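*Asks:* Got a structure for you, written out below as C-alpha coordinates; questions coming shortly.
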Amino acid sequence: MTTSSTSSTALPPVAFIGGGNMASAVIGGLIRQGMPASDIIVVEPHEAARAALLANFGITALPEAGSTLQRAALVVWAVKPQTFKDAAAAAAAHTRGALHLSVAAGITTGSIAAWLGTARLVRAMPNTPALVGKGMTGLYARPEVDADGKALIASVMGSTGQLLWVDEEEKLDAVTALSGSGPAYVFLFLEAMIQAGLDMGLTAEQAHQLAVATFQGGSELAARSSESPEVLRQRVTSKGGTTHAAITHMQEQKLPEHFIAAMRQAETRAKELAAEFGR
Ligand SMILES: NC(=O)c1ccc[n+]([C@@H]2O[C@H](COP(=O)([O-])OP(=O)(O)OC[C@H]3O[C@@H](n4cnc5c(N)ncnc54)[C@H](OP(=O)(O)O)[C@@H]3O)[C@@H](O)[C@H]2O)c1
(Lines give C-alpha, C1' and ligand atoms only; values in the text may rest on other atoms or scores of the structure.)
Protein backbone atom coordinates (compact mmCIF):
# COMPACT_ATOMS: atom_id res chain seq x y z
CA MET A 1 0.00 0.00 0.00
CA THR A 2 1.17 3.54 -0.67
CA THR A 3 -0.18 6.90 0.40
CA SER A 4 -0.25 10.01 -1.71
CA SER A 5 -1.98 13.33 -2.11
CA THR A 6 -1.69 14.99 -5.46
CA SER A 7 -2.79 18.20 -7.12
CA SER A 8 -3.25 18.57 -10.83
CA THR A 9 -2.27 21.06 -13.46
CA ALA A 10 -4.06 20.65 -16.81
CA LEU A 11 -6.53 17.79 -16.74
CA PRO A 12 -8.37 16.34 -19.74
CA PRO A 13 -12.20 16.52 -19.80
CA VAL A 14 -13.83 14.45 -17.06
CA ALA A 15 -17.39 13.07 -17.13
CA PHE A 16 -19.56 12.18 -14.14
CA ILE A 17 -22.42 9.72 -14.35
CA GLY A 18 -24.58 10.84 -11.44
CA GLY A 19 -24.35 14.39 -10.13
CA GLY A 20 -25.23 13.95 -6.44
CA ASN A 21 -23.26 14.33 -3.21
CA MET A 22 -20.11 12.41 -4.03
CA ALA A 23 -19.85 13.76 -7.60
CA SER A 24 -20.28 17.30 -6.23
CA ALA A 25 -17.46 16.75 -3.72
CA VAL A 26 -15.07 15.72 -6.51
CA ILE A 27 -16.32 18.42 -8.92
CA GLY A 28 -15.83 21.06 -6.20
CA GLY A 29 -12.21 19.94 -5.83
CA LEU A 30 -11.64 20.09 -9.60
CA ILE A 31 -13.13 23.59 -9.87
CA ARG A 32 -10.98 24.74 -6.92
CA GLN A 33 -7.94 23.40 -8.81
CA GLY A 34 -8.88 25.69 -11.70
CA MET A 35 -10.50 23.18 -14.06
CA PRO A 36 -12.94 25.00 -16.39
CA ALA A 37 -16.61 24.00 -15.93
CA SER A 38 -16.80 23.42 -19.70
CA ASP A 39 -14.40 20.45 -19.29
CA ILE A 40 -16.69 18.78 -16.76
CA ILE A 41 -19.55 16.77 -18.27
CA VAL A 42 -22.26 15.53 -15.92
CA VAL A 43 -25.19 13.19 -16.58
CA GLU A 44 -27.86 13.69 -13.91
CA PRO A 45 -31.55 12.80 -14.41
CA HIS A 46 -32.94 15.02 -11.60
CA GLU A 47 -33.73 18.60 -12.55
CA ALA A 48 -33.12 19.89 -9.01
CA ALA A 49 -29.66 18.29 -8.93
CA ARG A 50 -28.87 19.79 -12.37
CA ALA A 51 -29.96 23.22 -11.12
CA ALA A 52 -27.64 22.84 -8.10
CA LEU A 53 -24.70 21.94 -10.39
CA LEU A 54 -25.37 25.05 -12.46
CA ALA A 55 -25.72 27.30 -9.42
CA ASN A 56 -22.71 25.90 -7.54
CA PHE A 57 -20.25 25.23 -10.36
CA GLY A 58 -21.63 26.77 -13.57
CA ILE A 59 -22.02 23.29 -15.08
CA THR A 60 -24.91 22.58 -17.46
CA ALA A 61 -25.56 18.89 -16.79
CA LEU A 62 -27.16 16.53 -19.30
CA PRO A 63 -30.43 14.79 -18.36
CA GLU A 64 -29.27 11.58 -20.01
CA ALA A 65 -26.19 9.94 -21.53
CA GLY A 66 -25.27 11.03 -25.07
CA SER A 67 -22.42 11.43 -27.52
CA THR A 68 -21.00 14.46 -25.59
CA LEU A 69 -19.58 11.85 -23.20
CA GLN A 70 -17.10 10.84 -25.91
CA ARG A 71 -15.05 13.98 -25.06
CA ALA A 72 -14.19 12.58 -21.64
CA ALA A 73 -10.80 10.93 -21.03
CA LEU A 74 -12.04 9.85 -17.60
CA VAL A 75 -15.56 8.80 -16.59
CA VAL A 76 -16.43 8.91 -12.89
CA TRP A 77 -19.32 6.65 -11.90
CA ALA A 78 -21.07 8.30 -8.95
CA VAL A 79 -24.48 6.61 -8.98
CA LYS A 80 -25.98 4.46 -6.23
CA PRO A 81 -24.96 0.80 -6.36
CA GLN A 82 -28.48 -0.34 -7.23
CA THR A 83 -28.70 1.96 -10.29
CA PHE A 84 -25.17 1.35 -11.63
CA LYS A 85 -26.05 -1.45 -14.03
CA ASP A 86 -28.82 0.54 -15.76
CA ALA A 87 -26.67 3.69 -15.87
CA ALA A 88 -23.85 1.65 -17.43
CA ALA A 89 -26.19 0.23 -20.08
CA ALA A 90 -27.19 3.79 -21.08
CA ALA A 91 -23.69 5.28 -21.21
CA ALA A 92 -21.33 2.41 -22.10
CA ALA A 93 -21.51 2.93 -25.86
CA HIS A 94 -20.28 6.54 -25.45
CA THR A 95 -17.49 5.87 -22.96
CA ARG A 96 -15.62 2.80 -24.22
CA GLY A 97 -12.39 4.65 -25.02
CA ALA A 98 -12.18 6.31 -21.61
CA LEU A 99 -10.55 5.40 -18.33
CA HIS A 100 -13.18 4.65 -15.66
CA LEU A 101 -13.41 5.40 -11.96
CA SER A 102 -16.20 3.99 -9.80
CA VAL A 103 -16.98 5.40 -6.37
CA ALA A 104 -20.02 3.13 -5.91
CA ALA A 105 -19.92 1.15 -2.67
CA GLY A 106 -19.54 -2.58 -2.99
CA ILE A 107 -19.68 -3.17 -6.76
CA THR A 108 -16.65 -5.13 -7.95
CA THR A 109 -14.54 -4.16 -10.93
CA GLY A 110 -15.39 -7.55 -12.45
CA SER A 111 -19.08 -6.61 -12.63
CA ILE A 112 -18.34 -3.08 -13.82
CA ALA A 113 -15.91 -4.25 -16.52
CA ALA A 114 -18.56 -6.66 -17.84
CA TRP A 115 -21.21 -3.88 -17.92
CA LEU A 116 -18.90 -1.32 -19.57
CA GLY A 117 -17.03 -3.57 -21.97
CA THR A 118 -13.63 -2.28 -20.75
CA ALA A 119 -11.36 -3.15 -17.85
CA ARG A 120 -9.47 0.18 -17.75
CA LEU A 121 -11.01 0.71 -14.41
CA VAL A 122 -10.22 1.98 -10.91
CA ARG A 123 -12.53 1.44 -7.97
CA ALA A 124 -12.51 3.95 -5.13
CA MET A 125 -14.07 4.16 -1.71
CA PRO A 126 -14.24 7.81 -0.66
CA ASN A 127 -15.87 9.25 2.46
CA THR A 128 -18.02 12.30 3.12
CA PRO A 129 -15.31 14.58 4.56
CA ALA A 130 -14.42 14.84 0.85
CA LEU A 131 -17.13 17.52 0.90
CA VAL A 132 -14.76 19.77 2.89
CA GLY A 133 -11.52 18.64 1.21
CA LYS A 134 -10.65 16.34 4.13
CA GLY A 135 -11.69 13.05 2.56
CA MET A 136 -9.92 9.70 2.82
CA THR A 137 -10.20 7.59 -0.32
CA GLY A 138 -9.03 4.01 -0.79
CA LEU A 139 -8.36 3.01 -4.41
CA TYR A 140 -7.77 -0.21 -6.30
CA ALA A 141 -6.60 -0.21 -9.93
CA ARG A 142 -7.19 -3.14 -12.29
CA PRO A 143 -3.95 -4.37 -13.94
CA GLU A 144 -5.21 -2.87 -17.22
CA VAL A 145 -4.71 0.66 -15.80
CA ASP A 146 -1.24 2.05 -16.53
CA ALA A 147 0.81 4.54 -14.46
CA ASP A 148 -0.54 7.52 -16.42
CA GLY A 149 -4.09 6.37 -15.73
CA LYS A 150 -3.38 6.06 -12.01
CA ALA A 151 -1.75 9.50 -12.01
CA LEU A 152 -4.82 11.03 -13.69
CA ILE A 153 -7.12 9.48 -11.11
CA ALA A 154 -4.83 10.58 -8.28
CA SER A 155 -5.05 14.15 -9.63
CA VAL A 156 -8.84 14.02 -9.74
CA MET A 157 -9.44 12.33 -6.36
CA GLY A 158 -6.50 14.04 -4.65
CA SER A 159 -8.51 17.26 -4.75
CA THR A 160 -10.90 15.74 -2.18
CA GLY A 161 -8.26 14.81 0.42
CA GLN A 162 -5.86 11.93 1.07
CA LEU A 163 -5.50 8.79 -1.08
CA LEU A 164 -4.46 5.24 -0.25
CA TRP A 165 -3.90 2.67 -3.03
CA VAL A 166 -4.49 -0.98 -2.10
CA ASP A 167 -3.06 -3.85 -4.11
CA GLU A 168 -5.99 -6.27 -3.77
CA GLU A 169 -9.58 -5.40 -4.53
CA GLU A 170 -11.00 -7.18 -1.50
CA LYS A 171 -9.07 -4.82 0.79
CA LEU A 172 -11.60 -2.19 -0.29
CA ASP A 173 -14.09 -3.98 1.98
CA ALA A 174 -11.80 -3.16 4.90
CA VAL A 175 -11.42 0.42 3.62
CA THR A 176 -15.22 0.64 3.46
CA ALA A 177 -15.57 -0.59 7.05
CA LEU A 178 -12.85 1.74 8.33
CA SER A 179 -12.82 5.08 6.51
CA GLY A 180 -15.90 4.74 4.24
CA SER A 181 -18.32 4.20 7.13
CA GLY A 182 -15.94 5.78 9.65
CA PRO A 183 -17.31 9.33 9.66
CA ALA A 184 -20.55 7.91 11.09
CA TYR A 185 -18.60 6.33 13.96
CA VAL A 186 -17.02 9.71 14.69
CA PHE A 187 -20.44 11.36 14.65
CA LEU A 188 -21.80 8.70 17.05
CA PHE A 189 -18.96 9.35 19.49
CA LEU A 190 -19.55 13.08 19.13
CA GLU A 191 -23.24 12.60 19.91
CA ALA A 192 -22.37 10.67 23.06
CA MET A 193 -19.75 13.20 24.18
CA ILE A 194 -22.16 16.09 23.58
CA GLN A 195 -24.92 14.31 25.51
CA ALA A 196 -22.55 13.72 28.42
CA GLY A 197 -21.63 17.42 28.31
CA LEU A 198 -25.32 18.37 28.50
CA ASP A 199 -25.86 15.94 31.38
CA MET A 200 -22.99 17.64 33.24
CA GLY A 201 -24.58 21.09 32.84
CA LEU A 202 -22.90 22.52 29.73
CA THR A 203 -24.96 24.23 27.01
CA ALA A 204 -25.44 22.48 23.65
CA GLU A 205 -23.09 24.98 21.98
CA GLN A 206 -20.41 24.54 24.63
CA ALA A 207 -20.61 20.75 24.52
CA HIS A 208 -20.52 20.77 20.69
CA GLN A 209 -17.45 22.98 20.56
CA LEU A 210 -15.58 20.99 23.21
CA ALA A 211 -16.39 17.63 21.59
CA VAL A 212 -15.66 18.59 17.97
CA ALA A 213 -12.44 20.45 18.81
CA THR A 214 -11.29 17.47 20.89
CA PHE A 215 -11.76 15.10 17.94
CA GLN A 216 -9.99 17.51 15.60
CA GLY A 217 -7.13 18.07 18.06
CA GLY A 218 -6.76 14.40 18.96
CA SER A 219 -6.70 13.42 15.27
CA GLU A 220 -4.19 16.13 14.42
CA LEU A 221 -1.92 15.08 17.30
CA ALA A 222 -2.10 11.43 16.19
CA ALA A 223 -1.39 12.45 12.57
CA ARG A 224 1.67 14.52 13.48
CA SER A 225 3.10 12.31 16.24
CA SER A 226 5.52 9.48 15.64
CA GLU A 227 3.98 7.68 18.65
CA SER A 228 1.14 5.17 18.31
CA PRO A 229 -2.37 6.08 19.48
CA GLU A 230 -1.84 3.60 22.32
CA VAL A 231 1.22 5.49 23.61
CA LEU A 232 -0.55 8.84 23.22
CA ARG A 233 -3.48 7.48 25.24
CA GLN A 234 -1.24 6.12 27.99
CA ARG A 235 0.48 9.52 28.30
CA VAL A 236 -2.77 11.27 29.18
CA THR A 237 -4.00 8.49 31.46
CA SER A 238 -2.32 8.90 34.86
CA LYS A 239 -3.25 6.22 37.34
CA GLY A 240 -6.02 7.35 39.67
CA GLY A 241 -6.83 10.39 37.50
CA THR A 242 -9.99 11.43 35.66
CA THR A 243 -9.04 10.00 32.26
CA HIS A 244 -8.07 6.74 33.94
CA ALA A 245 -11.54 6.54 35.51
CA ALA A 246 -13.22 6.93 32.10
CA ILE A 247 -10.90 4.63 30.15
CA THR A 248 -11.08 1.91 32.85
CA HIS A 249 -14.89 1.97 32.60
CA MET A 250 -14.74 1.73 28.77
CA GLN A 251 -12.34 -1.21 28.96
CA GLU A 252 -14.41 -3.00 31.62
CA GLN A 253 -17.44 -2.59 29.34
CA LYS A 254 -15.35 -4.05 26.47
CA LEU A 255 -15.93 -0.95 24.33
CA PRO A 256 -12.89 -1.60 22.06
CA GLU A 257 -13.97 -5.23 21.45
CA HIS A 258 -17.55 -4.14 20.63
CA PHE A 259 -16.21 -1.45 18.31
CA ILE A 260 -14.01 -3.90 16.43
CA ALA A 261 -16.91 -6.35 16.13
CA ALA A 262 -19.13 -3.56 14.77
CA MET A 263 -16.58 -2.73 12.08
CA ARG A 264 -16.42 -6.39 11.06
CA GLN A 265 -20.20 -6.15 10.55
CA ALA A 266 -19.59 -3.28 8.11
CA GLU A 267 -17.01 -5.40 6.27
CA THR A 268 -19.47 -8.31 6.04
CA ARG A 269 -22.16 -5.96 4.71
CA ALA A 270 -19.77 -4.61 2.05
CA LYS A 271 -19.23 -8.18 0.81
CA GLU A 272 -22.99 -8.86 0.84
CA LEU A 273 -23.68 -5.70 -1.19
CA ALA A 274 -21.12 -6.74 -3.78
CA ALA A 275 -22.90 -10.09 -4.17
CA GLU A 276 -26.35 -8.41 -4.25
CA PHE A 277 -25.69 -5.63 -6.79
CA GLY A 278 -22.98 -7.25 -8.87
CA ARG A 279 -25.28 -9.67 -10.65
N1 LIG B 1 -22.01 9.79 0.05
C2 LIG B 1 -21.07 9.04 0.61
O3 LIG B 1 -20.70 9.18 1.74
C4 LIG B 1 -20.37 8.00 -0.17
C5 LIG B 1 -19.17 7.47 0.32
C6 LIG B 1 -18.53 6.50 -0.43
C7 LIG B 1 -19.09 6.09 -1.61
N8 LIG B 1 -20.25 6.61 -2.04
C9 LIG B 1 -20.82 6.11 -3.26
O10 LIG B 1 -21.00 7.15 -4.18
C11 LIG B 1 -22.09 6.83 -5.01
C12 LIG B 1 -22.96 8.04 -5.12
O13 LIG B 1 -23.40 8.40 -3.82
P14 LIG B 1 -24.08 9.80 -3.57
O15 LIG B 1 -24.21 9.96 -2.09
O16 LIG B 1 -23.38 10.85 -4.35
O17 LIG B 1 -25.52 9.52 -4.21
P18 LIG B 1 -26.59 10.59 -4.74
O19 LIG B 1 -26.42 11.90 -4.04
O20 LIG B 1 -27.91 9.90 -4.69
O21 LIG B 1 -26.15 10.85 -6.26
C22 LIG B 1 -26.36 9.94 -7.33
C23 LIG B 1 -27.18 10.66 -8.39
O24 LIG B 1 -27.14 9.92 -9.60
C25 LIG B 1 -28.46 9.89 -10.10
N26 LIG B 1 -28.69 8.83 -11.11
C27 LIG B 1 -29.47 7.72 -11.01
N28 LIG B 1 -29.44 7.01 -12.16
C29 LIG B 1 -28.65 7.67 -13.00
C30 LIG B 1 -28.24 7.44 -14.34
N31 LIG B 1 -28.69 6.39 -15.03
N32 LIG B 1 -27.39 8.30 -14.92
C33 LIG B 1 -26.95 9.37 -14.24
N34 LIG B 1 -27.31 9.65 -12.95
C35 LIG B 1 -28.15 8.81 -12.35
C36 LIG B 1 -29.25 9.70 -8.87
O37 LIG B 1 -30.64 9.82 -9.06
P38 LIG B 1 -31.61 8.88 -8.12
O39 LIG B 1 -31.64 9.53 -6.79
O40 LIG B 1 -32.92 8.90 -8.83
O41 LIG B 1 -31.02 7.50 -8.10
C42 LIG B 1 -28.65 10.79 -7.98
O43 LIG B 1 -29.14 12.07 -8.28
C44 LIG B 1 -22.82 5.65 -4.37
O45 LIG B 1 -22.62 4.48 -5.14
C46 LIG B 1 -22.18 5.50 -3.02
O47 LIG B 1 -22.05 4.14 -2.69
C48 LIG B 1 -20.90 7.58 -1.36
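The values are calculated or read from the model by the stated rules, or taken from the named source; none is laboratory data. Not measured: the values here are computed from a predicted model. Cβ placement follows ideal geometry from the backbone for every residue including glycine, while neighbour counts extend to all protein chains displayed. When the accessible area is computed, the model is the full protein with side chains, heavy atoms only, and any ligands, DNA or RNA have been set aside. Shrake-Rupley method; radii C 1.70, N 1.55, O 1.52, S 1.80 Å.
*Asks:* Using alpha-carbon pairs under 8 Å, 6+ residues apart, how would you state the relative contact order of the stretch 1-138 in percent?
*Replies:* Normalised by residue count, the contact order of the stretch 1-138 is 23 percent.
*Asks:* May I ask you to give the percent of accessible area on the stretch 167-261 that is carbon plus sulfur, with a probe radius of 1.4 Å?
*Replies:* On the way: 4210 of 6810 Å².
Carbon and sulfur atoms account for 62 percent of the accessible area of the stretch 167-261.
*Asks:* In Å, what Rg and Dmax follow from the Cα atoms of the stretch 182-274?
*Replies:* So, for the stretch 182-274, Rg and Dmax equal 15.5, 48 Å respectively.
*Asks:* Still on this model: Apply the Karplus parameterisation 6.51 cos²θ - 1.76 cosθ + 1.60, with θ equal to phi minus 60°, to every residue of the stretch 220-232 and state each ³J(HN,Hα) to the nearest whole Hz, in sequence, with x for glycine and proline.
*Replies:* Residue by residue, the stretch 220-232 yields 5, 4, 5, 5, 8, 7, 8, 7, 6, x, 4, 5, 4 Hz.
*Asks:* Mind telling me which of MET200, MET125, MET157 comes out most flexible in a GNM of the chain, alpha-carbon contacts under 10 Å?
*Replies:* It is MET200.
*Asks:* Once R0 is set to 30 Å, what does the formula 1/(1 + (r/R0)^6) return for the Cβ-Cβ distance between ARG233 and LYS134, expressed as a FRET efficiency to the nearest 0.05?
*Replies:* 0.85
*Asks:* Kirkwood Rh, the stretch 112-218, all Cα pairs: how many Å?
*Replies:* 15.9
*Asks:* Sequence-distant or interchain residues sharing an amide H contact under 5 Å with PHE16, placed H: which?
*Replies:* ILE41, VAL42, VAL43, VAL76
*Asks:* Let me ask something additional. What residue among HIS94, HIS249, HIS208 shows peak mean-square fluctuation when the chain is described by a Gaussian network model with Cα springs under 10 Å?
*Replies:* HIS249
*Asks:* Would you mind getting me the FRET efficiency between THR68 and ALA48? Use the beta-carbon distance for r and R0 = 22 Å, nearest 0.05.
*Replies:* Working: r = 21 Å, r/R0 = 0.97.
E between THR68 and ALA48, to the nearest 0.05, is 0.55.
*Asks:* Need one value: the accessible area of LYS254 in square angstrom, 1.4 angstrom probe, rounded to the nearest 10.
*Replies:* So the heavy atoms of LYS254 present about 110 Å² to solvent.
*Asks:* Return the equivalent ellipsoid semi-axes of the chain as a descending list in whole Å, where each equals the square root of 5 times an eigenvalue of the C-alpha gyration tensor.
*Replies:* Each semi-axis is the square root of five times an eigenvalue, giving 38, 21, 18 Å.
*Asks:* Separate question: Could you tell me how far the Cα centroid of the stretch 191-225 sits from the Cα centroid of the stretch 139-180, in Å?
*Replies:* About 31 Å separates the Cα centre of the stretch 139-180 from the one of the stretch 191-225.
*Asks:* Additional query: Relative to the longest principal axis of the C-alpha atoms of the chain, give the angle of the C-alpha long axis of helix 21-32, reported between 0 and 90° and rounded to the nearest 10°.
*Replies:* Taking the Cα atoms of the chain, the angle to 21-32 is about 80 degrees.
*Asks:* Report the antiparallel proportion of the DSSP beta bridges in the chain as a percent, rounded to a multiple of 5.
*Replies:* 25
*Asks:* Right, something else. If you fit an axis through the alpha-carbon atoms of helix 147-158 and take the longest principal axis of the Cα set of the chain, what angle between them do you get, 0 to 90°, nearest 10?
*Replies:* 60
*Asks:* Follow-up question, since we're still on this one. Around GLU169, what is the net charge, scoring Lys/Arg as +1 and Asp/Glu as -1 over all other residues with Cβ under 14 Å from its Cβ?
*Replies:* Net local charge, GLU169 excluded: -2.
*Asks:* With a probe of 1.4 Å, find how much accessible area the stretch 182-274 has per residue, and write the answer as a whole number in Å².
*Replies:* 75
*Asks:* I'd like to check one number: the per residue accessible area of the stretch 1-134, probe 1.4 Å, reported in Å² as a whole number.
*Replies:* Heavy-atom SASA per residue in the stretch 1-134 reads 43 Å².
*Asks:* On a 0 to 90 degree scale, rounded to 10, what angle separates helix 47-57 from the longest Cα axis of the chain?
*Replies:* The angle comes out near 80 degrees.
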